[in-house]
Amino acid sequence: MSVRRFLALTLALLPGSLAAAAPTEAQLNAVPATRVVMSGAPVAGTPAGLNASITVRYGTAKPRAVLLLMPGFLGGAGSFDRLARQLVALNPSLAVWAVDRRSNLLEDHSTILKAGPAALAGLVKNGLPVRAPQSVAYMKDWGLDTTLKDWRVAVQAARALTPNVVLGGHSMGGVLSGLYAAYNFGGVPGAQGLRGLVMLDGLPGLLSGAPMTEAAYRRGASNPIGPLPGLDGLAQAPYVDAVFFSPRLASRGAAQARLALLNPGGLAPGGGLTPYPATNLAAAMTQLEQRYALIPFMALKTGQATNATEATNLATLALGGRDSHWIAGPKDTRQPVGWQSDPAAPTDAADFVRRYITPLGDYAEWYFPQRLTLDLAAARTGTRATPFEKTLPVWHMNTLSLPVLGIAAGEGVVTEAQYRAFAATTKARLTTHTLKGAAHLDITAARSDQVARWITGWLAPLVK
């Protein structure tokens, strides 16, 4: 390699070499991306085509470094679309691989992507047909071991390209990144061969609840989110099907996001996601906007409803919500509830719905495996001297010595103090930041490139 090329590559990886201005939308859109499906961990009883390791790969095919990002609870690879493009635009020698867990293969995106306004309206009201639990009973085995082994396939593919491989994730994905590093893969700690970990408003132990007994693991338990079916009941309830999220609700939400993209000011379908007349953008954003979201941690900040009669939502406040409201209907009944985007808010509503579902993937994981939630509650931050030591070998957390970057959302679910408390139980070298004013979901969707700059700056000295 010439001296000039060596210096150019070195400078490209230095924090100070980042562009002074944020990447433009045109630059973000120009980042190449492709969806790659490889054979994953074989699981008995699972159709062969679903034993898959899936990544949406942003950036160069010959990277100097690869950052693999795992989405959070109920999340898909599409949740990283903006952040991944920001990272690559800031550092073109970096590739970002966003993970889609294998259950995303159960989703039918093509029907939504091909549908026109009339068909989308029908989908918003009725959703796509849902796979019956008994038809996907094999999902009962899609737990922590399967998820981490599928991820390991992608890690090994990245390692074949470069020794500079970093794992990360948002929310539950941050939990999984730590558990991957501490997992025992046939005598080899997952941390071996990694340069570091990135945890975005999530960390091992998040929402774990009390230590789980073997009896609760088999018969059913609960965590801070709600009840968990036990191992014995997973064949009958293999995926999340709740009032706040289900496969049908997920497909309805994706269809509403498409309508919000195609005709934001148009009238949302009656009998859809809102019990009152609303514009397409308002119907989409009131589901996740922090002020109105049913579940506080499933929230972002983009703006506020207009022409809306609001009242305090006591139920959401009890769950930890911030200034939570519900909408009774329009103030002026001659007009629908509308949406006013706030240019000072962390996330842009129009950008969010544009990225929500694309040919590369979507924001949500429609069929989220209950087994994974159950296993996370059992594993917590380690399984040594627990009933799960052999079946969930999270053995190496206390010896974890990788550099760890923890980025908290200022109005999210993790604080810098919690990252420090976690790091104190390991040998990790910790760096922390807080994205002020951000809700939990803003950290990957924000219009600002601050999170991307923190990551690229932290990563630069780790690349060898």
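Values for this structure:
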| quantity | calculated |
| --- | --- |
| Tally, over the range 317-332, of residues that are part of a strand (DSSP E or B) and in contact with a Pro (Cβ under 8 Å, 6 or more places away or on another chain) | 2 |
| Condition met for V404 (touching a His at 6+ places or on another chain (Cβ under 6 Å), in contact (Cβ under 8 Å) with a residue 12 or more places away in the chain and among the hydrophobic types (A, V, I, L, M, F, W, C)) | no |
| Residue in the range 440-449 that is outside the structural domain of I357 (by TED's automatic domain parsing), under 16 Å from F80 (Cβ atoms), part of a helix (DSSP H, G or I) and of a type in the set (G, A, S) present | yes |
| Helices (runs of 4 or more DSSP H) within the range 113-191 that include 2 or more residues closer than 19 Å to D100 by Cα | 144-159, 172-182 |
| Any hit, the range 409-424, residues being touching a helix residue (DSSP H, G or I) at 6+ places or on another chain (Cβ under 8 Å), buried (at least 17 other Cβ atoms within 10 Å of the Cβ) and more than 19 Å from A181 (Cβ to Cβ) | yes |
| Yes/no for P336 being touching a Pro at 6+ places or on another chain (Cβ under 7 Å) and either farther than 30 Å from A98 by Cα or in contact (Cβ under 8 Å) with a residue 12 or more places away in the chain (or both) | yes |
| Whichever residue in the range 294-334 is within 23 Å of R447 (Cβ to Cβ) and touching a helix residue (DSSP H, G or I) at 6+ places or on another chain (Cβ under 7 Å) and, among such residues, is surrounded by the most Cβ atoms within 10 Å (Cβ to Cβ) | T302 |
| Pair list, Cβ < 7 Å and 6+ apart or interchain, from the range 313-329 residues that are assigned by TED's automatic domain parsing to the domain that holds A282 to residues that are surrounded by 15 or more Cβ atoms within 10 Å (Cβ to Cβ) and assigned to a helix (DSSP H, G or I) | S324/T316 |
| Where a residue in the range 78-107 is in contact (Cβ under 8 Å) with a residue 24 or more places away in the chain and crowded, with 24+ Cβ neighbours inside 10 Å and its partner, wherever it lies, is among the basic types (K, R) and in a strand (DSSP E or B), with Cβ under 7 Å and at least six apart | A95/R57; W97/R57 |
| Count - residues of the range 418-464 that are among the hydrophobic types (A, V, I, L, M, F, W, C), in contact with a strand residue (DSSP E or B) (Cβ under 8 Å, 6 or more places away or on another chain) and free of Cβ contacts under 8 Å to residues at least 24 places away in the same chain | 1 |
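The values are calculated or read from the model by the stated rules, or taken from the named source; none is laboratory data. Note that the structure is a prediction, hence the values are computed from the model and not measured. Counting neighbours? That spans all protein chains shown, and the Cβs are built from the backbone with ideal geometry, glycine included.
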